[in-house]
Amino acid sequence: MRAGITILPEHRRPELERRWRAAEAYGFAHAWTFDHLGWRTLIDGPWFGSVPTLSAAAMVTSTMEIGLLVASPNFRHPVPFARELTALDDLSEGRFTLGIGAGGGGGYDSNVLGWKPASRYARYAEFVELLDLLLREERVSWSGDYYEAVEARNTPGCVQRPRVPFLVAADGPKAMALAARFGDGWVTLGGRDKETLGAWWDAVAEASRRFDDALADAGRPREGVRRFLQSDSAPVYSLSSVECYRDFVGRSAELGYTDLAAPWPRETGIWAGDESVLDAVAADVLPELRRAP
């Protein structure tokens with residue numbers, strides 16, 4: 001089990017640098033930021049672009065895996081985005097992982113642009129497939145219902161070969177098939193809108209079983225794909241205490257997940273908590289994970 005932390009892109013440079021440096025010093029295996037134009041109850045507060053934020057994070061860290069959790073097709077085209085991803089991979093010296101999701105339906109990211117795709121899944125599938133080609137091939141021409149590339153170049157290419165790793169978000173059967181086809185890893189939020197922690201864990205377990213089926217259908221071995229659990233949507237904040245976090249880590253591992261991502265404590269509102277819990281987790285829990293076989 002590898003532990004990660006999610007740092008929202010809501011901080012100016014001094015605090016941004018402090019948190020990303022601290023995440024690495026704490027001993028987290030990976031750290032992430034969200035890819036949104038605005039998010040839920042925070043749309044009227046500070047919010048910065050994810051790619052510049054992650055570029056800065058790459059420059060103030062040196063060993064930790066970093067990434068987007070998850071990139072949204074709601075406001076991106078694969079051709080220019082591939083250039084940004086290549087730059088992130090280069091700036092991080094090969095420590096970058098791309099989380100990709102379908103993009104929220106009816107949320108701020110789509111509403112602020114005033115449009116909605118006819119099919120979120122069809123657009124998502126095209127987004128993933130074209131990005132895969134753009135990051136692997138030197139020159140790409142491709143056409144779909146939502147995206148097109150005409151003689152798109154890919155120079156110098158990714159540091160990581162054949163491309164940066166894809167962490168594909170999926171809960172439904174079609175998206176899980178997409179993750180089984182293209183994903184170096186799979187990520188889930190578990191169960192959304194679950195009122196009890198028990199119900200949420202039941203949904204997390206069921207998601208893992210369904211992904212087993214998707215991998216079997218794709219003819220891929222279970223051991224070859226990382227499994228990420230985002231604890232963001234759990235009805236209990238995973239970093240509310242050291243004991244709570246230890247329980248999340250243990251239960252995730254028991255269900256076959258290889259990685260857990262928890263949100264950094266915020267002062268107020270969603271994920272309100274105390275940074276002293278991070279100090280205790282770094283001292284008492286993370287060393288145990290690094291020593292585990």
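Summary of computed values
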item	result
At R0 = 25 Å, FRET efficiency that the Cβ-Cβ distance of Asp279 and Val60 yields, to 0.05	0.80
Taking region 45-192 and dividing mean pair separation by its residue count, relative contact order in percent (alpha carbons under 8 Å, at least six apart)	22 percent
Coarse-grained scattering of region 211-293 at q = 0.14, 0.15, 0.17, 0.26 Å⁻¹, given as base-10 log I(q)/I(0) from a Debye sum over alpha-carbon atoms	-0.55, -0.62, -0.74, -1.30
Stokes-Einstein diffusion coefficient of region 43-141, Kirkwood radius over Cα pairs, 20 °C, 1.002 mPa s, in µm²/s	146 µm²/s
log10 of Debye I(q)/I(0), alpha-carbon scatterers only, for region 150-293 at 0.17, 0.20 Å⁻¹	-1.00, -1.20
Selection from Ile43, Gly190, Ala87, by position along the positive dipole direction of the chain (Cβ)	Ala87
Total charge dipole magnitude, region 43-98, about the Cα centre, Cβ charges on Lys, Arg, Asp, Glu only, Debye to nearest 20	100 debye
Exposed-loop-free span, longest in the chain, where trypsin sites (Lys or Arg not before Pro) count as exposed if DSSP calls them loop and at most 15 other C-beta atoms lie within 10 Å	13-191
Calculated FRET value between Glu137 and Leu113, using beta carbons and R₀ = 30 Å, to 0.05	0.55
Cα gyration tensor shape of region 131-193, rounded if a/c is under 1.5, else prolate or oblate by comparing a/b with b/c	oblate
Relative contact order [Cα under 8 Å, 6+ residues apart], the chain, whole percent	17 percent
Extension gain, Ile43 back to Arg222 (0.36 nm per residue minus Cα-Cα distance, nm)	60.6 nm
Descending Cα extents along the principal axes, the chain, whole Å	53, 44, 41
The chain: antiparallel DSSP beta bridges as a percent of all, rounded to 5	10 percent
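Coordinate-derived values only; no laboratory data. All figures in this text were calculated on a predicted structure; none of them were measured in a lab. Note: ideal-geometry Cβ built from the backbone for every residue, glycine included; neighbour counts use all protein chains shown.
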